[in-house]
Structures are given as structure tokens and as C-alpha cells.
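Input: a single structure, listed below in C-alpha cells.
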Amino acid sequence: MIPEIGQFALILAFVTAIYQFSVPMYGAWRGDGRLMAVAPPAAMLQFGLIALSFACLTMSYIVSDFSVENVFQNSHSDKPLIYKISGVWGNHEGSLLLWVMVLALFGSAVAMFGSNLPPSLKARVIAVQGSISVAFLSFILLTSNPFNRLDPAPIEGQGLNPILQDPALAIHPPLLYCGYVGLSIAFSFAVAALIEGKVDAAWARWVRPWTLAAWMFLTAGIMLGSWWAYYELGWGGWWFWDPVENASFMPWLIATALLHSAIVVEKRNALKVWTILLAILAFSLSLVGTFLVRSGVLTSVHAFAVDPARGVYVLGILCVFIGGALALYAWRAPTIKTGGLFAPISREGALVVNNLLLTAACAAVFIGTLYPLVLESITGDKISVGPPYFNLTFGPLILPLLLLVPLGPMMSWKRADMWAAAQRLWAAAVVALVVGVAAMAWQWRGPWLAPFGVALGGWLIAAAIQEMLARTKFLSVPLNVAWARLKGLPGAAWGMMIAHAGVGVMVIGVVGITAWKQEIVTVMKPGEVMQVGSRNVTFLGESPITGPNYTADRGRFSISSGGVEISEIWSEKRVFKPSNQPTTEVGIEPFIDGDLYVVLGDRAPDNARTVRFYFHPLVWMIWLGTALMFLGGCCSLFDRRYRVGAPKKATTPVVQPAE
Amino acid sequence: MLLWISFAVLTALVLLALLSPLRPRAKQADVERASFDLAVYRDQLSELERDQKAGLIPDTEADAARNEVSRRILAAQAELASEEKAARPVPAWLSIATVVAVPLIALGGYLQIGRPDLPAQPLQARIDGAVGNQDMAAMVRQVEAHLEQQPNDARGWAVLAPVYKRVGRYQDAANAYRKALALSGPDADLMTDMGESLVLANNGLVSNEAQEVFEAAQKAAPKHMKARFYVALAQRQEGKTAEAIAGWTAMLAESAPDAPWRTAVEQQISSAGGDVPKAPAVAGGQMPKGPALTEEQIQQGQQMNASDRTAMIRSMVEGLDERLTEDGADIDAWLRLIRARMVLGEKDKAADALNRAAEALKDNQQAVARLEETRKALGL
């Protein structure tokens, strides 16, 4: 009965989505408050129904109900409970169900927290959300039904792809989807504003926190995915410019731009039309990402759905939403009034430069990702666009951006003095210089460009700290006053500082692993020693291991430095039931100067093993940097200015211009 | 039935949630939109104040910005005055259309893709109810689990092996026969079946291992027909056609006229180029119409099906019985045992189990009550 209830709830959700789309949209057009009031309960109901459906599917996974085809194909009764649950979204159908559930969750969040939105805007936003739901629910019901049944039911499932059985990957898709789908809110707001023909003051107040939340989830999701690729795939890298990675990186770049341009709309009522375009683009790229991954046009680890019929359907959804939104934009954008004026050299101007560079960088990634696909579909030639392309295009666009990041916060709104702003950063420049020289001294053999990269990171971090000190007037006022000012700083200021410093930390990490990585491939017998960086690694030997649903050979290694043993690590080659698919578990020992990374390879004659060693300098700074960006987002999200109350009914407004 | 009731309740809830805002007296959001703008603008003014204090915006620019915001406030207030309030009745067709369309689309869609007839089948419940539901696949799982715990149960392996063979898991079948043989000692039937499984796993080719097994079986039981058949088949595949034909011909001579394997053997002889000896007439003048090898196997399979199933049920029931004799605290297990005894037609043993359960669980009021219920329901 449980799977059938899930099926029925999903169909009811589809019907509700149609209602959620059509009635409030009609009501807003008629100016009918009662019809508009339909939107919030419909949105919440839709979430409730999809959540019920999702719970039913999860339950079928937990109890191993193999009469559900999806469970049969992706689960196995021997799997640990956490991977039975994560198996729900470790496949095409289930992950789409998760996708629409997150979509409905965001829609109902607007319904719940949107009391300070003008009713017609709120009704239209929720209606647009409903229309996206209609598209994806019909896609699920028509082409990818997770509740298809099998009769007679098999007694055992086929199991989940073993490389997906991993804690980081259990939470990576939900986070990434929260990011992708969170951008749908910005999209719905943009489309609603275009339909209304006006950008309310409340509009920007709303778009920015939602974009921020989506951006945070996207950041965390991408980082987890990258971290997973780093320790699970055993290729010894953290970012491969793989199309699937790019699919999540492109919306991230645009969301970052949107995040910054929304500040201008919010604070200064300017850049409205541009921000609307970015909001449309950000979600469009999320849809493109969904299409790339879900249609199977890429054949990569993630592309588990290789089915052209589905691809065509998603392509159709893509065309309707992106094309429709852009057409609406072309038609309505000219009618939107532009707001506050600003000089080219000003905080606003700096944010425009940021936007242009980020969008151009995104375009570079977009071309590098899609050009091979387009070329292959037209001429049949297979080409692969790899890191050299991205280093040559993305690099030169992102470098000036990074250099300019500290300047923006030093400039004032409306009109600024560039020279004065630059002068205020002299301390940060000195720090950057010192850091660069130190890096050159530490790795004097390394590539000559690397110290500049480290200096760039130092520049970003130092400038962020300096900005904070300047704001508290540290050293120019007594310490306790500075402390009071520090505590009184708004959350947004903290958020900006922490996130910008995080970018600097990450830059140093990226430079470290890119420029100074060491790789050794060798054949070792038990007892042999290999020098990796400044440490010695001894191969202790291997032993067989039996896990819950796999068997493995575990190779143990001991690490010593200066003759003193520091720790022992292991790396495994696993073979999973029932597919007999082999996977590799990497052994990683983190040190302050970088990760020691060991991969057990194939057997060699004489009881020996092929072993790959890597030393990844400063790689932890990449994860720390992204974590700081996430933290910065949190600080900014809890800024008090997003708590604008809803207007009270029947208050007679008193004319009260400037105090 | 419960399923349809749940559907009805869900649909009713959905209609309730969708239609309640349309009630004539429902609260509706009719705050003028300009007042929403005003709330934000006022907030912007105070924020400007904060920024100016923090030195983020020069004083002259702050004044200009303040003027900008104030102008917007004035405009919003003008708009507020001109906004019209219009409360219109909800069109009746909308509510009616909703009440009709929602259940119609939902039910219509469900009947297209749903399977209301198919209950959920959680694995544990399937395994527990395997005997009662005659669920072969689940029984196999149960026996497998049992054998994982007690790999020295020869009878368990012997029961499991033919089931594997029938569902096409030939290699597993061969392994199970091998284990049964290792535990119970040489047995011509088991050896032949093991060899046959190996042949089937090998797409009909008699491997060296299979041949050795058949020859051992024939040595143990010289009259074993199946073993002789396969020994001859192995000879033919080795190229010793004459010996193979001789073996088969000898087999036919010793077989009854209506022996089920007669046709298969005759086919082998003729395809090997030998002369098929005339079959003696069957009493009643009817020629035997033996099926071909494959059909024969199917038929055998079907016969085995029933007997295997009983054998498997019996082995499991005995196991359950033993377990409960050692530890009789599980009322559900007792009830399963009692029902399984009834399925097997062993009414006496069922009554016996019921009495033993009552004895073991006499301190548990609830369990005793359930046992009494069962006693009445089964008429014991």
C-alpha cells in the first residue's frame, strides 16, 4: 500500500501544481484578493504531498520493497541503512523527486515567510513556482516514474553503484539541489516582476536573501562534490573541469554575480533590469545543468540516466522556461523604471565590474562545456576541452576580479575616490608582498608564477582584515570603543569580510595543489620505504577485509618523519556485491603543509603492489576557504535588515519625508 | 479497501486546502501594495542613517540618497491614495471546476499508471510469510540465511540445489549439490544432479569435472539412467560416437516402453547417426509420446516444483520447530509454525505445537489469548 499512496500523492501534487499556477495567476491579473490568497495554501499543500510521496519512496527503500522497480534497480538488502536512504536520490527517478520536493519546499517557504510581500507579487511568484512544478512533475509521471511496480517482485535488488556509497555523496545531491532549485526563487521573482511591470522596493529585499541561501547551498554542494572526487575517485585532483562539475559551477558564478548586483538594487534601487536578467540566467543555467546531467548527453560518473526520450522532454522544459523568460524580458524590461544614479567610480561601479567579469568567466566555462557537445551533435567529431582551455580563458578573467575584490568595499556609494581607496589598502599590499616573498623562499624551485598566486591570496585575506579594522577604527580609538564597534557591525559586513577572506584562503590552496603537487608511482613490497615530500612512508603489508556489502584488500602504510613514526594509514581496493564492481579507498593523512595521499594499485609479481603517492600541499585551504565563504553567507543571511515587518492594515500613513 | 479510503481522505484534504481560501468569509490580503513599498522605504531611511554613522557614505551623498528615498516615499503615498479597493465575488465556476477536476484527474491518472492490486512487499515480511504465501523466492532467501548460519546442514543444501537449478542459477545449484555431497557422502542422485547443473551452467557442454561426477555416479549406481545418459553424452562430445550410441542403445533396452526419457535418448542416437531400436509395444496399443529433452525437463521441473516446494517448506518448518523447542518466547513464530503445519496438512502436529506454545507462553496473558483465538479459528 505504501508505494501506491506515494504514487497517488505524487499525482495529487501534480494536480495541485496546476491549480497553484493557474488560479493565483488569474487572480493577480483580475486583482482579486481572494483568488490570490489561494497561492500560499496551495504551495504548502504541494510541498506536503511531495514530501509524503518522497517519504513513501524512502520507506520502500528502508524496508527493501523490491516490488518497486526503482528500489529493485538501486538498492540491496545488505546495504547499510544510510546508503539505503541515500540510494533514494542516487538514481534518476529518485533524484528528480528530490528536485521537485526542494522546489516545493522553497515555494512553501515564500508562502510562509512572505507576509511582507505585496499580495499580487506574492501570488505571481508562487504561481511561477507552480508552473515549474507542473513541468517537472509531468516529466516524472510521464517518463521517470519512481513508483513503477514489478510483479512478481524479485527477492534481491541490484545494488547502488558502489562509488556512490559514500557519506559525502549521500548529502552532496540534496545540498546541490537546494542550491540549484533555490535559484528558482530568484527566477520566479524576476518573472513575476516582469509580469507586474514593476520592481517593488520589497523585491530586492527578497531576492537577495534567497539568492544568498541558494548560493550557500550551491557552494557547500560543489565543495562536497569536489571533496568527494578528491578522496574517492583516487585521481589525486580536486577539480577536473568535468562537464558535470561545470554544470554546477556556471550557476554558481552567475549566482555570485546576482548576489552582488542585488546589493545595488536593494541599497540604491539601481541596476534593476540587469539584476532581473541575472536572476533569469542563474536559474536557466541550473536548468541547463539539470539537462546536462539528467539527459545523459554527457557520459560521466553522474550521468546515470541515458535515455533520449527523457532528454528531449527536459530540453522542451528548458526551451519553454528559458525562452519564455527571456522573451518576457525583452518585451517588458524596457517598461521597468530605472532607479538611483551613480558615478562610474563608486561602490556601484565596482559591483558592475564584478558582475561583468563573473558573467564573462561564466560565458567562458559555458562555451568550453557546451561547444564539444554542439560540435559532436553537428559534425560527429569528438573533441575534449580540458584544463588548458579553462586556464587560458577562465584564468585571465578571474585574476583581475580577484585583484579588484579588496577595492570594492573601500569605495563609498554613489561616488568614490579610487586613489583614496587604493591608498587605504597599502597595509594589505605590504602583507601580500611579504607573503609572496616568503612563498618564493619556501618553494624556490617551484614555478615562478606560484608565489604571485600566494601573494594574491594574502592580499585578499589581509585586505578583508584591514577593512574590518578600518570599520572599527582600530588603533585610532580606545580598544574598548573599537571592541564595541566591532560587536555592533552588521551581519552583512561580517559576511562580506569572512567570505572575501575565504576566497583568499582558497586561492592559496589552489595555487599550492596546482603548482607544487608531487606524484610518485611505484611498485612496493611489504617493508619497503618510499620518500614522499619530507616524510618516509613504509608499506607494512596487506590483509583481506570483509565489509557489510563488499570484500577488500587493505594495504597498510606507516608514515615517519625524521625517524619518528607519526601515524599509520590504509588504502583499500574493494569489490562490491552484487555487481563485483571494484572501487578504491584512498588513504589520506592531513598535515599542516598538505595532505599525504596514498592509493593502493594493482597486484604486481612477488607479493608486491603498485602504489601511487601524492603530496598535495595546502589542499586543506581549499576546503577551509569554501567553508569560510559558506560561513560568510550565514552571517549575511542573519543580518537584521532582512527582518522588515509586514505593513499593518488600515494605518493612515503620515507624510514624513527626510528627517 | 484501506487503500481507496486513504486516497479518498487525501483527495478530501487537498480539496479542503485548495477551496478554503475561496470561502466568502475567508480573510483576504487586501493591504494596498504601496504600503508594502512604504515599509521598505522607511527602513531604507534608517539604514542610510546607520551607514552614514559608520562612515560608509559621505555626508553630501547621504543627503542626496535621502532625497531620493523621500521622493519615492511621496510617490508611494500618492499611489496609496489612488489605489482602489475592489472586492469581487469568486466566480462560482471555479469552485465547481476544482471539485470536479481534482478528483477526476488524480483518479484518472492513477488508474493509468498505478497498481492498486499490488500490495507492498517489504523484504522481511516476505521472508517471514514465505511458507504461508508459497513464495518460492522468499523461501530460497530464508534457506540461504539459514545455511549461512549453519553451513553443515546437508538436507538444507539438498533442498536448495534443485530450486536454484529451476530458476536458472545453475552454478549456484552445482555448488549447493557439491556441499550437500560433501556433507552426506556419495549419492548417485545428488552426483548426477550436480553434474547436470554443471552441464547447464556450461551451455550444454560436459566439462571434465562434470564427466568425472557422472562416472562416479555410474560407478556407485550402475543402473542409474540419468548418469548413464550423461556419460554417453560426454563420450559423444569427446568424439567417441560409437561408444555413446552403444551406451544409449543399452539404456533403451533396459527402459520401460513408456519411460519419460525414451524420446530424448532416441533423438540423441539419431542425431549421432545411430539406428534407433524399435520400442516394444505398450500395453493398450498406444505408442508412447515422450516429450523432447527440453520439454521433458520442463515437465520434470513442474513435477519437482510441487515436491520441492513441499520439501523446502518441510525443512523450514522443522527448523522453526527446533528453534522454538529451544526458545519458545516468540508468539509470532509459534503462530507461523502452527499455520505452516496446517498448510502442510499436519493437523495433529499443529495441535501439538499449539499446546507446546500454550505451555511455553503460559505467563503471557496476551499471547495465551491469541493462541486461543487461533485454536478457535483453525478448529483445533
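The values are calculated or read from the model by the stated rules, or taken from the named source; none is laboratory data. Please read all numbers here as calculations on a predicted model, not as lab measurements. Don't worry about glycine lacking a Cβ; one is built from the backbone with ideal geometry, like all the others, and counts go over all protein chains shown.
The set of residues in region A:193-204 that are over 25 Å from the mean Cα position of the chain (by Cα) and in a helix (DSSP H, G or I) comprises A:ALA193, A:LEU194, A:ILE195, A:GLU196, A:ALA201, A:ALA202. For region B:240-251, the condition holds for no residue, the condition being that it is among the β-branched types (Val, Ile, Thr), surrounded by 18 or more Cβ atoms within 10 Å (Cβ to Cβ) and within 19 Å of B:ALA188 (Cα to Cα). Considering each of A:SER108, A:SER131, A:SER138 in turn, give the residue that is away from chain B (no Cβ under 14 Å) and among the polar types (S, T, N, Q). Every option except A:SER131 fails the conditions. Tallying residues that are surrounded by fewer than 18 Cβ atoms within 10 Å (Cβ to Cβ) and outside any helix (DSSP H, G or I) within region B:256-272 yields 6. Entry remark, region A:400-427: residues being part of a helix (DSSP H, G or I), more than 14 Å from every other protein chain (Cβ to nearest Cβ) and within 18 Å of A:TRP494 (Cα to Cα) number 1 in total.
Put simply, of A:TYR61, A:TYR26 the only residue that is closer than 19 Å to B:LEU123 by Cβ and of a type in the set (Phe, Trp, Tyr) is A:TYR61. Quick one: which helices (runs of 4 or more DSSP H) lie wholly within region B:140-212 and hold at least 1 residues that are within 28 Å of the chain's Cα centre (by Cα) and without any contact (Cβ under 8 Å) to a residue 12 or more places away in the chain? Output list reads B:170-184. Of the residues in region A:586-613, how many are buried (at least 20 other Cβ atoms within 10 Å of the Cβ) and out of contact with any His (no Cβ under 9 Å at 6 or more places or on another chain)? Residues that pass the stated criteria total 8.
Taken as a whole, the condition of being within 22 Å of A:TRP29 (Cβ to Cβ), part of a helix (DSSP H, G or I) and among the polar types (S, T, N, Q) does not apply to A:SER226. Scanning region B:89-128 for residues that are in contact with a helix residue (DSSP H, G or I) (Cβ under 6 Å, 6 or more places away or on another chain), aliphatic (A, V, I, L, M) and within 7 Å of chain A (Cβ to nearest Cβ) turns up B:VAL90, B:VAL102, B:ILE105, B:ALA106, B:ALA120. Residues in region A:543-576 that are more than 19 Å from A:ASN607 (Cβ to Cβ) and of a type in the set (Lys, Arg): 1 in all. Take A:LEU175 and decide whether it is facing chain B (nearest Cβ under 9 Å), surrounded by fewer than 23 Cβ atoms within 10 Å (Cβ to Cβ), of a type outside the set (Lys, Arg) and in a helix (DSSP H, G or I). The answer is no for A:LEU175.
Select from region B:71-88 the residues that are surrounded by 18 or more Cβ atoms within 10 Å (Cβ to Cβ) and at the interface with another protein chain (Cβ under 7 Å from one of its Cβ atoms) and write down the one among them that is modelled with the lowest pLDDT.
B:GLN77
When region B:37-62 is filtered for residues that are assigned to a helix (DSSP H, G or I), at the interface with chain A (Cβ under 7 Å from one of its Cβ atoms) and farther than 16 Å from A:LEU117 by Cα, the ones remaining, listed by number, are B:GLU47, B:GLU61. Only one of the listed residues (A:TRP203, A:TRP235) is in contact (Cβ under 8 Å) with a residue 60 or more places away in the chain and among the aromatic types (Phe, Trp, Tyr). That residue is A:TRP203.
Being in a helix (DSSP H, G or I), in the same structural domain as A:PRO118 (by TED's automatic domain parsing) and under 28 Å from the mean Cα position of the chain (by Cα) holds for only one residue in A:ALA51, A:ALA42, A:ALA28, and it is A:ALA51.
Taking the conditions (1) surrounded by fewer than 19 Cβ atoms within 10 Å (Cβ to Cβ); (2) under 28 Å from A:GLN443 (Cα atoms); (3) of a type outside the set (Ser, Thr, Tyr) in turn, A:PRO548 satisfies each one other than (2).
Filtering region A:416-445 to residues that are touching a Pro at 6+ places or on another chain (Cβ under 8 Å), surrounded by 18 or more Cβ atoms within 10 Å (Cβ to Cβ) and over 12 Å from A:TRP459 (Cβ atoms) leaves only A:ALA439.
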